[in-house]
Amino acid sequence: MPDSSAQSTTADLAKRFRAGQVAALARAISIAEDQRPGFEELLHELLTAGPTASRVGMTGPPGAGKSSLVAHVAHAYRAQEERVGIVAVDPTSPFSGGALLGDRIRMNDLATDAGIFIRSMATRGSLGGLAATTKEVLDLVDAFGFERVLVETVGVGQTELEITAAADTVVVVLVPESGDAVQAMKAGLMEIADIFVVNKADRPGAPRLAKEIRQALHLRAGHGVQEPSGHHGVDLTQVARDARPTSTPAVDSEGWDIPVLETNALDGTGVEALVEALGRHRAWLDSSGELDARRRDRARGRVRDVVEREMRRAAWSSMKLQAALDEGVDRIATGAATPYSVARELLAQLLR
Ligand SMILES: Nc1nc2c(ncn2[C@@H]2O[C@H](COP(=O)(O)OP(=O)(O)OP(=O)(O)O)[C@@H](O)[C@H]2O)c(=O)[nH]1
Ligand SMILES: [Mg+2]
């Protein structure tokens, strides 16, 4: 429990947050990221209005051009006077503070624009609870009042797929050198994509990859193609399914045809079509009731996250339970109990 000084800090921070002070947003994000004492009260305070932003997630292999595309899309929204929050999770290209990919002019433009907020989250190597914190950061950026929230994740593993569930629209960015459509299917990307982008269309192989993806989507929609199992020992297809349980992403099954677009993020070719597709998907989300369904899924997942976190904390911070555990371990050692019987006893105590 936070003491009264922490409470007054929370109230003050919430006031500044609601007044639109970017420093307050940055501070709230740090508190949520570090899960500092009182962070849940703070989130409760700040998130009462619920999500309003249009959230777009871009995922894809390292170096596919996600940041470049995010920059283009952000520019397009800025041209419509919309404010944009950008969260980049674990970018392989380093960037810090406001200087997202500081060597690139386009990003420098963004970093000095007051209508844009950029936050990067380094997460590589620290798995526990990372997805939960990222979701909370997105919620904060959303609650701050940005009309658009863009989140970039490197789509190479389970965590990234989970994070995409925090977006309303998921754009999967592939490039000719990232392999063929079969690999994309194996990685579970077909499951999560609302829009496919084949970037680096200036390179050979882009039209072929786009064609393969269209064929794969078509097969899935029409003939219920056998799911390939995941590689690297993780069934990513299953992860993707778990991450978004209500939406069946097969083409057209719910009235949404997954577009496969080609872009060149160096000169901006195809970006207009991407922005247009994002707008159409958003309109479809609204009219089909899918946005509501996805937000409800997200809320359900968040409650479960918090309950699990609190249960764990409650269990292992209880002296009584610790004592019962020690005593149980003694009995396991002498063969008088098993881990299962002791666990049952502990659970009975905890849930009493
Ligand atoms: N030829 C070509 N190069 C591109 C294109 N889009 C991006 N690039 C280049 O590809 C490199 C990676 O671009 P980024 O936008 O940083 O890619 P990213 O997916 O955000 O990379 P990470 O965040 O590091 O995973 C940069 O050197 C870009 O200039 C494109 O359409 N064509
Ligand atoms: Mg990037």
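Region 171-200 and region 287-352 have Cα centres lying 37 Å from one another. For region 69-80, 3J(HN,Hα) computed residue by residue from phi via the Karplus equation (6.51, -1.76, 1.60; θ = phi - 60°) reads 5, 4, 4, 4, 5, 4, 4, 4, 5, 4, 5, 9 Hz, glycine and proline entered as x.
Per-residue Karplus couplings for region 267-274, computed as 6.51 cos²θ - 1.76 cosθ + 1.60 with θ equal to phi - 60°, are listed in order as 10, x, 4, x, 5, 4, 5, 5 Hz, Gly and Pro entered as x.
In this structure, the amide hydrogen of residue 261, modeled 1.01 Å from its nitrogen in the peptide plane, lies closer than 5 angstrom to those of 196, 197, 198, counting only residues at least 5 positions away or on a different chain.
Summarising the amide proton neighbourhood of residue 60: residues at separation of 5 or more, or on other chains, whose placed amide H is nearer than 5 Å comprise 153, 155, 173.
Values quoted throughout were computed directly from the atomic coordinates according to the rules given, and no laboratory measurement underlies them. All figures in this text were calculated on a predicted structure; none of them were measured in a lab.
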